[in-house]
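Trainee: Would you mind keeping the following structure in view while I ask a few things?
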Amino acid sequence: MTASTAAAPIAPATPPEQPDRPPARKRKLTGYWLLLPGMLWLAVFFVIPFYSLVATSLYDRTGSVLQGYDMAWQFSNYWHTLDDYWRPLVRSLWYGGLATLICLALGYVLAYAIAFKSGRWKNLMLVLVIAPFFTSFLVRTLSWKLLLRDDGFIVNALQFVHLLGSDGRLLATPVAVIAGLVYNFLPFMVLPLFASIDKIDHRLIEAASDLYSRPIVGFFKVTWPLSLPGVVSGTLLTFIPAVGDYINAELLGSPKQRMIGNVIQSLFTDANDYPAAGALSMMLMLLILAMVLFYVRRAGTEELL
Amino acid sequence: MSQVAEAPEKSGDVGAYEGLRIRSLTKEFASFTAVKSLDLDVPSGSFFALLGPSGCGKTTTLRMVAGLETPTSGSIELSGKDITWDKPYRRPVNTVFQNYALFPHLDIYENVAFGLRRRKSKEVDRSVREMLQLVELESQTRKRPPQLSGGQQQRVALARALINSPEVLLLDEPLGALDLKLRRSMQIEIKRIQTEVGLTFVHVTHDQEEAMTMADTIAVMNQGVIEQMGAPAELYDNPETTFVANFLGQSNLIEVEIRGPEGDFVVVDMQGTLASIPTQRTHVQPTVGEKAWVGIRPEKVLIAEVGASIDAPGNSIPGGVVSDVSFIGVSTQYLVRMPWGQEIQVFEQNTGRRRLFRQGEQVDISWHPEYAFLLDHHQDASAGVDKVDAPS
């Protein structure tokens, strides 16, 4: 108190001299210059294509790629395609959701083990988690096709223990598609979970134990709530691409397991029905956006950050 | 062996010690032994401090009492019940952690209520409010820990542990993260709360001033063993080892030769001057001709002009030359170079009755014999001198 009142009258007499500093206006602009490359990239490769997608979804469906489409503001495209393809859309949400839950269960245990129990092997284990990325997504999914093939050892083993009938198979079943999704998106779950769990101060868990929490109670009262930011970002990073995925359903499933991605792809490339494909893409995007907003609200993670 | 002699002293239930009793507690880590066969009795209701430099094993001892570390061998008893192998969540012991370890996702109210909720207490709300009142944080209940100041977080940590009425409250360097001024007021605050609630506090610290301010009993730990235990004044006035003499305050240690016992004193030849040390302050076998350390606290050393009478019955030691003078305000600190080359520290209260000595002046020094202490010459005279983070 006394120090500040004593210093106050002196302060105006000796203004701070900063001869080398650039003027304030110039410094303010630096931030915008740094933003520029990213903004340009997004403008060219996101904003323009997005505009074109919105436009395509409203074209007149009677046109064709060769003759061109007329802009008809056909909002009915949305109802018609939804009517035609609601089954694969629901199936996608169901497969993606289930794959996300399985990823969460597997990934949480794995991330927890790496963060808390791996000691000096921590870095090696993290490298192993991302090691699959060194091989192409397509090649890895094709190898799963080999693993799950009708006479393969997995099918034989499951038949041997009677989990699968003698003529039962894995390929072309929902199990195969969901297993493929889980395998392919697991690292996207593990990495954010690890980042969250690794940050948790061990002494908090000790404190819970000191305050009469058995390990399981301590986990649900301290570790789990503190790892929620990782759970939220992990589930989003898994769910969003999993719902839109078509490779797994294409390679490991049959037409019965078609997901919305397969439908959109075939509408674009086989049926050449651009407006329908565009409308379906838009609907998928809006649906996921709505679900994500609802989810983030419910998880209440903004309080944690 | 001694059980026969002790038996008549305790009538009724023998062995049910009211308090914390540690016997031959040892903790070995892969590369070193942190705690070596430690014995300790902490009476119920006392404020006990484990004082020592970092790495002396005091925190490990505390963590073993809390159950957060498993002992290699030995036993820990609480009110006669063996808790050595009990899980931490089953012990009637709570900890105030270093840096507090408050739950960042819970508000202050829920942090304090945490232990009670786990034990399904029915009186949560009333107890939490009482406890928050005790630590003067009633107005902060719905804030999160990061929104509070260091001192407030400290009090939340204290409340969170205290509310469970543990048989022993453990405090692990609880004030280490606070600045000096706040530390002082929290020391008084914690002492007040301890007196108010009457629980047993075991306090781990490396700050000797903090230990002396707060504790009834201090155990000075060094390299896994307790060097000396007792009331703060007792430890300060009559240290038994060079480590305690140097770690708790400052000491002048002068090399002497033992001349032998004489009545209630041990006579030593101190660089040509004979001096006597009371027998109860002698912590070495008085073997004639052996070397030893005479210790004297700087504020007990008297300083005077050459030939002037000194208010001390013993001989004055001549030939000193003032080599350094620091005027502190309340006192003046001198370094006096003695004829045998050693520099003796002398603190003199600034009573204003006498002028200051100047650098280079010839002086005599002396002290009352009952203030000196005699220590084993095999011990390192500089043990405990290099204190980490010593308060100025």
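Trainee: May I ask what percent, to the nearest 5, of DSSP beta bridges between residues of the protein assembly as shown are antiparallel?
Mentor: 75 percent
Trainee: Something else about it: Just how far, in whole angstrom, is the range B:60-137 from the range B:278-337 if you go by their alpha carbon centroids?
Mentor: 48 Å
Trainee: What are the ³J(HN,Hα) couplings of the range A:178-187, residue after residue, when phi is run through the Karplus curve with 6.51, -1.76, 1.60 and θ = phi - 60°? Round to Hz, x for glycine and proline.
Mentor: 5, 4, x, 4, 4, 4, 6, 9, 4, x
Trainee: Distance from a point 7 Å along Cα→Cβ of A:SER118 to each backbone N in the range A:87-109: keep the residues under 18 Å and list them by number.
Mentor: A:103-109
Trainee: Need one number: nm distance between label points at B:VAL385 and A:VAL109, each 7 Å from Cα along Cα→Cβ, rounded to one decimal.
Mentor: 6.0 nm
Trainee: Rounded, prolate or oblate: which fits the range B:119-173, taking a ≥ b ≥ c as square roots of the Cα gyration tensor eigenvalues, rounded meaning a/c under 1.5, else prolate when a/b beats b/c?
Mentor: Since a/c reaches 1.5 but b/c is at least a/b, the shape of the range B:119-173 is classed as oblate.
Trainee: Also, I was wondering about something else. List the relative contact order of the range B:39-147 as a percent without decimals, with contacts defined as Cα pairs under 8 Å and 6+ residues apart.
Mentor: In percent, rounded to a whole number, it is 19.
Trainee: Go ahead and run the numbers for FRET between A:ILE154 and A:GLN265, Cβ-Cβ distance against an R0 of 22 Å, rounding to 0.05.
Mentor: Plugging the Cβ-Cβ distance into 1/(1 + (r/R0)^6) gives 0.20.
Trainee: I want to verify a result. In a Gaussian network model of chain B, Cα cutoff 10 Å, which of these has the top mean-square fluctuation: B:GLY150, B:GLY289, B:GLY307?
Mentor: B:GLY307
Trainee: For the range B:250-376, what does the alpha-carbon gyration tensor say about shape, rounded, prolate or oblate, given a ≥ b ≥ c as the root eigenvalues, a/c under 1.5 as rounded, and a/b over b/c as prolate?
Mentor: prolate
Trainee: Take the Cα pairs of the range B:87-210, get the Kirkwood Rh, then feed it into Stokes-Einstein at 20 °C and 1.002 mPa s and tell me D in µm²/s.
Mentor: Translational D for this selection: 147 µm²/s.
Trainee: Follow-up question, since we're still on this one. With r as the distance between the Cβ atoms of B:THR195 and B:VAL325 and R0 = 35 Å, compute the FRET efficiency 1/(1 + (r/R0)^6) and round to 0.05.
Mentor: 0.25
Trainee: I want to make sure I understand the PRE zone here: with the label point 7 angstrom from the Cα of B:ARG117 toward its beta carbon, which residues in the range B:151-192 have backbone N atoms less than 16 Å away?
Mentor: Once the point is set 7 Å along Cα→Cβ of B:ARG117, B:157, B:160-161, B:163-164 turn out to lie under 16 Å by backbone N, inside the range B:151-192.
Trainee: Quick one: what are the phi-derived ³J(HN,Hα) couplings along the range B:300-308, Karplus 6.51/-1.76/1.60 with θ = phi - 60°, whole Hz, x for glycine and proline?
Mentor: 8, 7, 9, 10, 8, 5, 4, x, 5
Trainee: Lysine pairs in chain A 8 or more apart or on different chains: how many have alpha carbons under 30 angstrom apart?
Mentor: Going through chain A pair by pair, I get 6.
Trainee: What residues from the range A:117-159 fall in the zone where the backbone N is under 14 Å from a label point 7 Å along the Cα-to-C-beta line of A:ALA172?
Mentor: A:149-151
Trainee: What's the exposure ranking of A:CYS103, B:CYS56, going from fewest to most Cβ atoms within 10 Å?
Mentor: Ascending number of Cβ neighbours within 10 Å: B:CYS56, A:CYS103.
Trainee: Once the Cβ-Cβ distance between A:MET285 and B:SER149 is put in as r, and R0 is 60 Å, what FRET efficiency do you end up with, to the nearest 0.05?
Mentor: In this case the efficiency is close to 0.80.
Trainee: Could you pull the Rg and Dmax for the range B:293-342, using just the Cα atoms, both in Å?
Mentor: Over the range B:293-342's Cα set, Rg and Dmax evaluate to 11.6, 31 Å.
Trainee: With +1 on the Cβ of every Lys and Arg and -1 on the Cβ of every Asp and Glu, and nothing else charged, how large is the dipole of the range B:250-376 about its Cα centre, in debye rounded to the nearest 20?
Mentor: It comes to approximately 360 debye.
Trainee: State to the nearest 20 debye the size of the charge dipole of the range B:116-250 about its Cα centre, where the only charges are +1 on K and R beta carbons and -1 on D and E beta carbons.
Mentor: About 1200 debye.
Trainee: Put a dot 7 Å past each Cα toward the Cβ at B:SER44 and A:LEU163; how far apart are the dots in nm?
Mentor: 5.8 nm
Trainee: Please list, short to long, the whole-number percent of alpha-carbon pairs of chain A in consecutive 10 angstrom bins beginning at zero.
Mentor: Final binned percentages: 5, 17, 22, 22, 16, 9, 4, 3, 1, 0.
Trainee: Mean shadow of the protein assembly as shown, computed from the convex hull of its alpha carbons, in nm²?
Mentor: Its average projected convex-hull area is 52.1 nm².
Trainee: Relative to the first principal axis of the alpha-carbon coordinates of chain A, what is the inclination of helix A:274-299, with its axis defined by its Cα atoms, in degrees from 0 to 90 and to the nearest 10?
Mentor: For A:274-299 against chain A, the angle is about 50 degrees.
Trainee: Another question, if that's okay. Report Rg (one decimal) and Dmax (nearest whole number) for chain B, counting Cα atoms only, units Å.
Mentor: 24.7, 77
Trainee: To check my understanding: the extent here is largest minus smallest coordinate of the Cα atoms along each principal axis. What are those three numbers for the range B:191-326, in Å, largest first?
Mentor: 56, 38, 27
Trainee: How big is the charge dipole of the range A:85-303 about its Cα centre, in debye rounded to the nearest 20, if each Lys and Arg gets +1 on its Cβ and each Asp and Glu gets -1 on its Cβ?
Mentor: 280 debye
Trainee: Quick one: angle between helix A:224-244 and the longest Cα principal axis of chain A, in degrees between 0 and 90, rounded to 10, please.
Mentor: 40 degrees
Trainee: Within 10 Å of each Cβ of A:194-201, how many other protein chain Cβ atoms are there on average?
Mentor: Across A:194-201, the average partner-chain Cβ count within 10 Å equals 1.
No lab work stands behind these numbers, since they all come straight from the coordinates. Remember, it's a predicted structure, so these values are computed and weren't measured experimentally. Note that each Cβ is placed from the backbone with ideal geometry, even for glycine, and that neighbours are counted across all protein chains shown.
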